[in-house]
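Asker: Would you mind keeping the following structure in view while I ask a few things?
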Amino acid sequence: MKYNLTKKIYDRTFQVIGLITISIALLMLVIFLVSIFKMGIPRLSWDFITSLPSRFPEKAGIYTAMMGTIWLMVLTAIFAIPIGVMGAIYLEEYGKKNRFSHLLEKNIANLSGVPSVIYGILGLELFARTLALGNSLLTGSLTLSLLILPVIIVSTREALKAIPNSLREGSYALGATKWQTIYRLILPAAAGNILTGIILALSRAIGEAAPLIVAGALVYVPFAPTNPMDEYSALPIQIFNWISRPQAAFAINAAAGIIVLLVVTFLLNGFAIAYRYRLKKKQKW
Amino acid sequence: MKIIVKLSMLLMVVLLATSCGNKSKQNTLKGQILIDGSSTVFPLSEAVAEEFRHTYPQVKVSVGESGTGGGFKKFSRAETDINDASRAIREEEIAACKENGVDFLELEVAYDGMVVVVNPRNTWVKDLKVSELKKIWAPEAQGKIMKWNQIRPEWPDKEIHLYGPGTASGTFDYFTEAIVGKAKSSRGDYTASEDDNVLVQGVASDELALGYFGLAYYENNKDKLKVVPIDDENPANGEGATYPDAKTVQNKTYAPLSRPLFIYINSKSLVRPEVQAFVEFYLDNCIALAPQVGYVSLDSTAYKIAKDQWNEFLQKHTQKQ
């Protein structure tokens, strides 16, 4: 009896501690969101979204930075997703498990911990200078792609690992080739988790300012980019610039900018989540 | 997958098309001007670019803020047309320019004042001498100068709490050079932030605080801060302590805490008429625009001199071509 009671007490204690930790995390988020929304919502307007940057806080808008961020995200997704997913498929399904692959694995895991500004320096040398892409959206999105590739690779591999081997064996038993098995069975089955990883990776990329500034993103850009070679600014850069201005009205702009950034992030992720939902529905087993 | 392949092909085509078509735009003021450099000068260049756009809507002026040093790296490779700088160009940066055949013109465009502030509830500080500031901020003061009465015996026996910019900031460089005598030489035990607004908050909420930062941050928070007039102990420059304001910064009686802000113009960009128009526009409009973004303009004769320098530089380089 007594033994059982202590066990129960332990159990309860752990539950309570867990509840407290999650509450603290959520409370921080709520405090942050409430203060941002209180400050920023009154500033949000169609004008704010469609205006160019300006030295007058009440006239300044977020249009070019927002367009820059949308361009960046689309391009980054185009570069990073196929490379990341295919790299993970190779490592997980094709690659032999030897010393070299072990080394590769450790390196990829380490890369996801490299400070983002380092990627900015790499992007500046490699893309902006060596490949002569300059201060373009291409430079920025390729830099961000490098930044999130490790995240995509690691999460895709986890997703692939979670597929039971019996599925692969069953497919081979029916005479399917390796590629057929991967393309028709494994990938669809893992798609949900892969997408989750991609969402996390893109959400990280969208909030980055430091690597973009190093790689040549600008702050005052009075025109929306029309092609991937155009110069650009991005939402986090504009927000950072506003927050460090002396005039208090710019801080309000920054709050409104943060709301726009949140909405853009939610929208982009929303597409991915809706797509994941559709995939799950299509899955027949 | 198919969509991805198609999209990336489309991208390639667009890429090729644009990289070929970028060269031929020298007619009736179209084109692109690229400015980078100091984040301190940024608001001024942004303001000029914003106004310039009203006059020349076809010219795309964009401004970055990768820092004075980062900007000069790009400038010396002729990757940018104009570099914003909160300090004069350094020897090694000049060398880098020469190596790439870049000649440049340095133009002073405005002053940035620095203020020393205390909390409004601080009743004892009426002024500070430069020597006292040095005593407070010198590296030797670390861990030693901790109380107000160590600076002047009649001040209270209370702790002094220091606030200042982080070591990456140009304000830090300039303040340490002007006060301690050597750039970047400062005590380390103070509350540092790269964001001057954080310093404003700190001093505003701490009765025992003393801090320094840009004049614009004081002018936008006058109700929360008390500014300290500075005595440079140089009788030639007026007796006693001087308050910082537009006039004293401009006529340099508020010394030594005001610094000039510069733009550097790349000789390789001079052939482009849109760059010429922009520099002229910059010099013509600074006097009105600098105060709007929190800086102090030069007096009008100084801009005239700058314009003469500019014309000379322009002639020298356009005749060669």
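Asker: By the scheme Lys and Arg +1, Asp and Glu -1, what is the net charge of all other residues having a beta-carbon under 15 Å from that of A:Ser101?
Answerer: Every neighbour counted, the sum reads +3.
Asker: What residue among A:Val219, A:Val16, A:Val264 shows peak mean-square fluctuation when chain A is described by a Gaussian network model with Cα springs under 10 Å?
Answerer: Highest fluctuation among the options: A:Val16.
Asker: Could I ask something else about it? Share of antiparallel DSSP beta bridges in chain B, in percent to the nearest 5?
Answerer: Of all bridge pairs located within chain B, approximately 60 percent are antiparallel.
Asker: I need the fraction of alpha carbon pairs in segment B:113-257 separated by more than 24 Å, rounded to a whole percent.
Answerer: Value for segment B:113-257: 23 percent of Cα pairs lie more than 24 Å apart.
Asker: Tell me the trypsin sites (Lys or Arg not before Pro) within segment B:102-149 that lie in a loop according to DSSP and have at most 13 other beta-carbon atoms within 10 Å.
Answerer: B:Arg121, B:Lys126, B:Lys144
Asker: Cα atoms only, chain A: Rg and Dmax in Å?
Answerer: In order Rg, Dmax, the Cα atoms of chain A give 22.9, 75 Å.
Asker: Which one, A:Thr181, A:Thr13, A:Thr76, has the greatest fluctuation when you compute a Gaussian network model over chain A with C-alpha springs under 10 angstrom?
Answerer: The residue with the greatest mean-square fluctuation here is A:Thr13.
Asker: Let me ask something additional. Pick out which of B:Tyr56, B:Tyr254, B:Tyr111 has the largest mean-square fluctuation in a Gaussian network model of chain B, springs linking Cα atoms closer than 10 Å.
Answerer: It is B:Tyr56.
Asker: Right, here's the next one. Wrap a convex hull around the Cα atoms of chain B, take a quarter of its surface area, and give that in square nanometres.
Answerer: 21.6
Asker: Right, here's the next one. Is the shape of the protein assembly as shown rounded, prolate or oblate, going by the alpha carbon gyration tensor and its root eigenvalues a ≥ b ≥ c, with a/c under 1.5 for rounded and a/b larger than b/c for prolate?
Answerer: Oblate, because a/c is 1.5 or more while a/b does not exceed b/c.
Asker: Mind checking which lysines have their C-alpha under 29 Å from A:Lys281, skipping anything on the same chain fewer than 8 residues away?
Answerer: By straight Cα distance, A:Lys281 reaches A:Lys161, A:Lys178, B:Lys2, B:Lys6.
Asker: On to the next question. Give the cross-link partners of B:Lys182 among the lysines, using a straight C-alpha distance below 17 Å as the criterion and excluding same-chain residues fewer than 8 apart.
Answerer: Partners within reach: B:Lys134, B:Lys135.
Asker: With a 10 Å Cβ neighbour count serving as the proxy for reagent exposure, in which order, fewest first, do A:Ile194, A:Ile70 appear?
Answerer: A:Ile70, A:Ile194
Asker: Can you sort A:Leu137, A:Leu160 so the residue with the fewest Cβ neighbours within 10 Å comes first?
Answerer: Fewest-to-most ranking of A:Leu137, A:Leu160: A:Leu160, A:Leu137.
Asker: Kirkwood Rh and Cα-based Rg: tell me the resulting Rg over Rh for segment A:22-155, rounded to two decimals.
Answerer: Rg divided by Rh gives 1.10.
Asker: Binning at 10 Å from 0, report for segment A:154-285 what percent of all alpha-carbon pair distances ends up in each bin.
Answerer: Final binned percentages: 11, 28, 25, 17, 13, 6, 1.
Any read-out appearing in this document is the output of simple, stated calculations on the displayed coordinates, not a laboratory observation. The structure displayed is predicted, hence computed values, not measured ones. We place every Cβ from the backbone using ideal geometry, glycine too, and count neighbours over all the protein chains shown.
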